[in-house]
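Each remark here refers to the structure printed beneath this line.
The values are calculated or read from the model by the stated rules, or taken from the named source; none is laboratory data. Because the structure is predicted, anything quoted here is derived from the model rather than measured. Cβ placement follows ideal geometry from the backbone for every residue including glycine, while neighbour counts extend to all protein chains displayed. Surface areas here come from the heavy atoms of the whole protein model, side chains and all, with no ligands, DNA or RNA. Shrake-Rupley method; radii C 1.70, N 1.55, O 1.52, S 1.80 Å.
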Amino acid sequence: DVKVTQSSRYLVKRTGEKVFLECVQDMDHENMFWYRQDPGLGLRLIYFSYDVKMKEKGDIPEGYSVSREKKERFSLILESASTNQTSMYLCASSSRDTLRETQYFGPGTRLLVL
Amino acid sequence: DQQVKQNSPSLSVQEGRISILNCDYTNSMFDYFLWYKKYPAEGPTFLISISSIKDKNEDGRFTVFLNKSAKHLSLHIVPSQPGDSAVYFCAATRGINQAGTALIFGKGTTLSVSS
């Protein structure tokens with residue numbers, strides 16, 4: 001079974017703090033993704049990566065950065081957390097080997113910024 | 001501009017009956033569609049997918065229908081069970097580059113199945 005794990009299920013941070021969200025997958029997937037889920041807005045893509053040290057902006061990258069130093073690990077960084085970044089953050093991974101990649105999601109991190 | 005639309009935020013169905021969840025898309029370049037199911041406090045889990053070369057794909061109680069001319073797809077669950085109560089997301093792929101693709105998600109439909 002594919003396993004995608006996220007470092008924290010719940011996180012509370014203060015405005016202005018630097019926040020790191022970690023994601024690890026154990027299936028040797030090339031592609032990794034960060035989304036946020038907000039009520040009424042569905043899942044929105046923040047950043048994705050299709051190889052180590054590669055990254056691409058998604059639909060809402062402002063206020064975020066990412067790091068992919070190892071194939072299995074994809075980190076999302078909030079340089080200076082703001083209250084509008086309070087959300088559920090979801091990491092996903094997929095393989096490039098299949099004809100069409102199905103993304104597998106982690107359990108999510110619910111972040112509250114005070 | 002929303003490229004994948006799920007116009008019904010919620011749906012209530014009785015156990016044993018059919019649940020039909022709908023999804024519309026605007027981008028004619030989409031050629032692969034997926035449905036995900038999400039329980040509260042969990043990540044979405046893949047349910048079923050369909051390629052644009054097909055008009056139907058079935059997996060047990062779940063069937064997805066694709067109408068390319070109408071840019072519409074639907075997920076049928078027969079028979080519905082209380083454990084199917086969850087948020088269902090429709091998603092479509094867009095080509096980003098040769099190395100990977102990203103999904104465009106709809107806003108989700110909350111299905112409630114009552115016993």
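Within the set of pairs 6 or more residues apart or between chains, which connect a residue that is more than 8 Å from every other protein chain (Cβ to nearest Cβ) inside region A:29-44 to a residue that is open to solvent by 10 Å² or more (accessible area, probe 1.4 Å) and modelled with pLDDT under 90 with Cβ atoms less than 6 Å apart? That search, which allows pairs on different chains as well, returns A:29/A:95.
Look at (1) modelled with pLDDT under 90; (2) out of contact with any Gly (no Cβ under 9 Å at 6 or more places or on another chain) and you find that residue A:17 fails only one, number (1). Residue A:112 falls short on exactly one of the conditions (1) surrounded by fewer than 20 Cβ atoms within 10 Å (Cβ to Cβ); (2) without any contact (Cβ under 8 Å) to a residue 60 or more places away in the chain, and that condition is (2).
Here A:89, A:50 are screened, and the one residue that is within 11 Å of chain B (Cβ to nearest Cβ), open to solvent by 10 Å² or more (accessible area, probe 1.4 Å), touching a strand residue (DSSP E or B) at 6+ places or on another chain (Cβ under 7 Å) and of a type in the set (Phe, Trp, Tyr) is A:50. Within the bounds of region B:14-35, is there any residue that is out of contact with any strand residue (DSSP E or B) (no Cβ under 7 Å at 6 or more places or on another chain), within 14 Å of chain A (Cβ to nearest Cβ), open to solvent by 70 Å² or more (accessible area, probe 1.4 Å) and not small (Gly, Ala, Ser)? No, region B:14-35 has no match at all. Taking region B:58-97 as the range and being surrounded by fewer than 17 Cβ atoms within 10 Å (Cβ to Cβ), within 14 Å of chain A (Cβ to nearest Cβ) and within 18 Å of residue B:18 (Cβ to Cβ) as the test, only B:59 passes.
Using the structure shown, decide if residue A:62 is assigned to a loop (DSSP other than H, G, I, E, B), more than 8 Å from chain B (Cβ to nearest Cβ) and over 24 Å from residue B:39 (Cα atoms). Give the steps one after another, and end with the answer.
Values: assigned to a loop (DSSP other than H, G, I, E, B): yes; more than 8 Å from chain B (Cβ to nearest Cβ): yes; over 24 Å from residue B:39 (Cα atoms): yes.
So residue A:62 passes the test.
Would you confirm, using the coordinates I've provided, whether residue A:16 is over 23 Å from residue B:48 (Cβ atoms), within 8 Å of chain B (Cβ to nearest Cβ) and open to solvent by less than 70 Å² (accessible area, probe 1.4 Å)? Criteria not met by residue A:16. Condition check for residue B:46 on (1) at the interface with chain A (Cβ under 10 Å from one of its Cβ atoms); (2) open to solvent by 30 Å² or more (accessible area, probe 1.4 Å); (3) part of a loop (DSSP other than H, G, I, E, B); (4) not basic (Lys, Arg): one failure, at (3).
Against the definition (over 23 Å from residue B:36 (Cβ atoms), more than 8 Å from chain B (Cβ to nearest Cβ), of a type in the set (Ser, Thr, Tyr) and not in a loop (DSSP other than H, G, I, E, B)), how does residue A:80 come out, yes or no?
no
Can we say residue A:69 is open to solvent by 70 Å² or more (accessible area, probe 1.4 Å), more than 14 Å from every other protein chain (Cβ to nearest Cβ) and outside any loop (DSSP other than H, G, I, E, B)? When the stated conditions are applied, residue A:69 passes them.
If the condition is being in contact with a Leu (Cβ under 8 Å, 6 or more places away or on another chain) and either in a strand (DSSP E or B) or among the charged types (D, E, K, R) (or both), then region A:25-59 contributes A:33, A:34, A:35, A:36, A:37, A:43, A:45, A:46, A:47, A:59.
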